[in-house]
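Rule-based calculations on the coordinates, nothing more; no lab input. Because the structure is predicted, anything quoted here is derived from the model rather than measured. All Cβ positions, glycine included, derive from the backbone under ideal geometry; neighbour counts span all protein chains shown.
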Amino acid sequence: MKLMRKPIEVIAWFDFQGNAVPIRFRYEDEAQELRVVKVNRIIKKDKNKFAGNSMMRYTCETSDNGIIKVFELRYEIDSLKWYLHKM
């Protein structure tokens, strides 16, 4: 996986306890084109600190033309921002 750390737009739902579940996200690729990625499955979810900020880390997978790709999303709890960390 390639380290990216790009801010992204996310559609997510939240349960009654306030836990976020990402559904799909949009990011700008190297050619400055917007790409939409659907989250097919969340493989792992955990809470950690990155640069002193509390974050939720989601290891997810998607399918692109029949090829399964794994990526990592991070949700910064204090600022409410989402990042595509690795893809």
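For beta carbons closer than 6 Å, sequence separation of 6+ or different chains, a first residue in the range 42-65 that is of a type in the set (V, I, T) and a second that is outside any strand (DSSP E or B), the qualifying pairs are T62/N40. Among the candidates K49, K38, the residue that is touching a Ser or Thr at 6+ places or on another chain (Cβ under 7 Å) and among the basic types (K, R) is uniquely K38. Of the residues making up the range 12-61, those that are more than 11 Å from the chain's Cα centre (by Cα) and not aliphatic (A, V, I, L, M) number 24.
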